[in-house]
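Asks: This is the structure, below, for whatever I ask next.
The values are calculated or read from the model by the stated rules, or taken from the named source; none is laboratory data. Values in this document were obtained by computation on a predicted structure and should not be read as measured data. Every residue, glycine as well, gets a Cβ built from its backbone with ideal geometry; the counts of neighbours run over all protein chains shown. The accessibility values were calculated without ligands, DNA or RNA, using every heavy atom of the protein model including side chains. Shrake-Rupley method; radii C 1.70, N 1.55, O 1.52, S 1.80 Å.
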Amino acid sequence: MLDFFTIFSKGGLVLWCFQGVSDSCTGPVNALIRSVLLQERGGNNSFTHEALTLKYKLDNQFELVFVVGFQKILTLTYVDKLIDDVHRLFRDKYRTEIQQQSALSLLNGTFDFQNDFLRLLREAEESSKIRAPTTMKKFEDSEKSKKPVRSMIETRGEKPKEKAKNSKKKGAKKEGSDGPLATSKAVPTEKSGVPVGPENGVELSKEELIRRKREEFIQKHGRGVEKSGKSTKSDAPKEKGKKAPRVWALGGSANKEVLDYSTPTTNGAPEAAPPEDINLIRGTGPGGQLQDLDCSSSDDEGATQNSTKPSSTKGTLGGMFGMLKGLVGSKSLSREDMESVLDKMRDHLIAKNVAADIAVQLCESVASKLEGKVMGTFSTVTSTVKQALQESLVQILQPQRRVDMLRDIMDAQRHQRPYVVTFCGVNGVGKSTNLAKISFWLLENGFSVLIAACDTFRAGAVEQLRTHTRRLSALHPPENHGGRTMVQLFEKGYGKDAAGIAMEAIAFARNQGFDVVLVDTAGRMQDNAPLMTALAKLITVNTPDLVLFVGEALVGNEAVDQLVKFNRALADHSMAQTPRLIDGIVLTKFDTIDDKVGAAISMTYITSKPIVFVGTGQTYCDLRSLNAKAVVAALMKA
């Protein structure tokens, strides 16, 4: 039933392995190490690789990893019990060899564990079969069967009697309450002027009382109508002073010259653009070199200075007791020791805009990483958990694959083809603006750029890219590059097929010798199936070298939903056997969030893709590369 069971150290030495099938377990175990253990994603003890399900257990005290693999179509209920039993027996049996903590002793050691493992496996399988199916409880075993029938009948019969008594009491109260009101109100007068009522010995019937009340109601209502009539008369003259509504011409007689906002032309060529401040558009700073993201601020420096002042006034006795408080004292950490600290860390991460589910998984990963680990004498639980969380966050922000656009563009130049980048994302996140920033960065590095306007849906999208192209051309005129056009816009207007425009733009760039093609796409929500199908078609047909997802730094849980559904839609609607998914992330509006940088963690954790660029402003130089340590420092700041 099991494909394999292996035990290896965190240094990579395989201590013992059981092979249930002929296939090698090297591939699945290496995938587990790359995707889970090295990426600090150990919150869940299960991992799926192709047709296999891998369950693992970490022993942090002896730095061991226990992994079992089986087919994912099987439901094996005894796997968790088996891995716990094997972990306990192997650790107790070979404690002395493992405690030496040297690779040579582990290599020379003999771990004859085959018979013990087969015995534990047999016991686990038999225990799962011995469990009898749960049977339904009989009526004789229930509490209801112990009650006599007479008690049930009596309790049921008493309820309507009590209701009848209560209804009689309520009726008596109503009659008593209506009596004095009726007598007090029944004092009408006859036409003869003699008052009619119980005082004069004349009692009114119910019909007469109803008729009298109706007359009184009509009289009161009539007065209200008169009052409302007076108010309408007084308001009438105020309405005369109101402004008359504007009447628009409906016969097609609108002035065409007034409504024409298109670009004026002279002899077929557009007029010269109005003079603009080039330095204001460009911004300050080196455009060809991406600077690291800086998350610190002046407020942080002031806070650190203020925090250091009162520390000198503290007494030595209080400082000594504060230092000794919470020390672990050379004992192994347990879940109970870390529970309160992890709860505070989870709430802190959520407050810093990390998605709630990802914050829980991060804390679970840290708990599994530290559980059973022996700490030093002068180490506190809080500092240990915080340091482990910082290491995990830095590792998450440095994912498996690093995107180096300049190196890939030069490689495409050697093959005499353009390097194609596609931008996608939801509405209003800044795709076109950051595309222009990346264009300026590429121009500063000496590469020619062709911008493909494939957003044929949003009004003004082509005009926006035309404005950016004009400004970039002013910053890099052909005169400075030997007459070569460095940036150009390729557009076919609105309402066209975006995939076809991208294909024509790539062919045009290949013929004209452009180095890079930047494809701008329409913004779309992740739940819009037709637009997601169109995006998958564009990516499948044109096979870009890089697919960048543009996301805001302002979002929290929504970032996870957007990325998951974008990847799922690209996989579902793709016609290729191996669908193309998102390769990297562009994080925009980073200058608006202060220290709430959790969106970077959420996006990187959910996709395992790197954040290639970070947008920090409105000028072309406001583009940064991600500094993982600076982001983590801002995230952990109180």
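Asks: What accessible area per residue, rounded to a whole number of Å², is obtained for the range 4-127 using a probe radius of 1.4 Å? Walk me through the intermediate numbers first.
Replies: Values: 6210 Å² over 124 residues.
In whole numbers, the range 4-127 has 50 Å² accessible per residue.
Asks: Right, next: Where in the range 1-107 are there trypsin sites (Lys or Arg not before Pro) that are in a DSSP coil and have at most 16 other Cβ atoms within 10 angstrom of their Cβ? All intermediate terms of the calculation are to be shown ahead of the outcome.
Replies: Details: sites: LYS10, ARG34, ARG41, LYS55, LYS57, LYS72, LYS81, ARG88, ARG91, LYS93, ARG95; in loops: LYS10, ARG41, LYS72.
Sparse-neighbourhood loop trypsin sites (Lys or Arg not before Pro): LYS10, LYS72.
Asks: For the range 23-29, take each phi angle, set θ = phi - 60°, evaluate the Karplus expression 6.51 cos²θ - 1.76 cosθ + 1.60, and give the result in whole Hz per residue in order, putting x for glycine and proline.
Replies: These are the phi-based 3J(HN,Hα) values: 5, 6, 9, 5, x, x, 5 Hz.
Asks: Another question, if that's okay. Spin-label point model (7 Å from Cα, Cβ direction): what's the TYR494 to LYS144 distance in nm?
Replies: Distance between the two pseudo-spin positions: 6.8 nm.
Asks: What net charge do the residues around VAL65 carry, taking every other residue with its C-beta under 13 Å from that of VAL65, with Lys and Arg at +1 and Asp and Glu at -1? Working shown, then result.
Replies: Working: positive: LYS10, LYS55, LYS57, ARG91, LYS369; negative: ASP59, GLU63.
Summing Lys and Arg as +1 and Asp and Glu as -1 gives +3.
Asks: Quickly work out the SER205-to-ARG470 label distance, labels modelled 7 Å from Cα along the C-beta direction, and quote it in nm with one decimal.
Replies: The modelled label-to-label distance comes out at 9.3 nm.
Asks: Can you pull the percent of the range 332-397's accessible area that's carbon plus sulfur, 1.4 Å probe, other chains left in place? Don't jump to the answer; show the numbers that get you there.
Replies: On the way: 1430 of 2950 Å².
Within the range 332-397, the accessible surface is 49 percent carbon and sulfur.
Asks: At 1.4 Å probe size, with the rest of the protein present, what percent of the exposed accessible area of the range 4-127 is carbon and sulfur atoms?
Replies: 49
Asks: Here's something else I'd like to know. Computed FRET efficiency, Cβ-Cβ of GLU504 and GLU50, R0 35 Å: what is it to the nearest 0.05? Before the final figure, lay out the partial values.
Replies: Numbers: r = 39 Å, r/R0 = 1.11.
Step by step, r from the Cβ atoms, then E = 0.35.
Asks: Hey, can you grab everything whose amide H is under 5 Å from the amide H of LYS72? Only 5+ residues off in sequence or another chain; H modelled, so Pro and N-termini drop out.
Replies: HN-HN under 5 Å from LYS72: LEU52, THR53.
Asks: Same structure, new question: Which three extents, in whole angstrom, do the alpha-carbon atoms of the range 1-79 cover along their principal axes, largest first?
Replies: If we take the Cα atoms of the range 1-79, the spans are 31, 25, 23 Å.
Asks: Report the label-to-label distance for ARG484 and ALA459 in nanometres (one decimal), using points 7 Å from each Cα along the Cα→Cβ vector.
Replies: Label-label distance for ARG484 and ALA459, simple model: 4.1 nm.
Asks: While we're looking at this one, here's another question. Please turn the phi angles of the range 496-510 into ³J(HN,Hα) values with the Karplus equation 6.51 cos²θ - 1.76 cosθ + 1.60 (θ = phi - 60°), one per residue in order, whole Hz, x for glycine and proline.
Replies: 9, 6, 5, 5, x, 5, 4, 5, 5, 5, 5, 5, 5, 5, 5
Asks: While we're looking at this one, here's another question. Lys pairs in the range 4-127, Cα-Cα under 20 Å, at least 8 apart or on separate chains: how many?
Replies: Close lysine pairs found across the range 4-127: 10.
Asks: So for the range 487-546, averaging the separation of alpha carbon pairs under 8 Å that are six or more residues apart and normalising by length, what relative contact order in percent results?
Replies: Across the range 487-546, relative contact order equals 41 percent.
Asks: Are there trypsin sites (Lys or Arg not before Pro) in the range 417-476 that DSSP marks as loop and that have at most 14 other Cβ atoms within 10 Å, and which are they?
Replies: ARG458
Asks: Is the C-alpha gyration tensor of the range 583-638 telling us rounded, prolate or oblate? Criteria: a/c under 1.5 is rounded; beyond that, a/b larger than b/c is prolate, otherwise oblate. Write out the running numbers ahead of the final one.
Replies: On the way: a/c = 1.91, a/b = 1.10, b/c = 1.74.
Oblate is the answer for the range 583-638, as a/c is 1.5 or above yet b/c matches or exceeds a/b.
Asks: Averaged per residue, what accessible surface does the range 405-628 expose to a 1.4 Å probe, in Å²?
Replies: Ligands and nucleic acids excluded, the result is 38 Å² per residue.
Asks: Rank MET603, ALA522, MET486 by how far each Cα sits towards the positive end of the charge dipole of the range 405-628 (+1 on Lys, Arg Cβ; -1 on Asp, Glu Cβ) and give me just the farthest.
Replies: MET486
Asks: Amide H of ASN445 versus every other amide H placed in the peptide plane: which residues, excluding those fewer than 5 positions away on the same chain, fall under 5 Å?
Replies: Answer set, sorted by chain and number: none.
Asks: Next up: Go through 139-146, 205-212 and give me the packing order, highest mean Cβ count within 10 Å leading.
Replies: Going from most to least packed, we get 205-212, 139-146.
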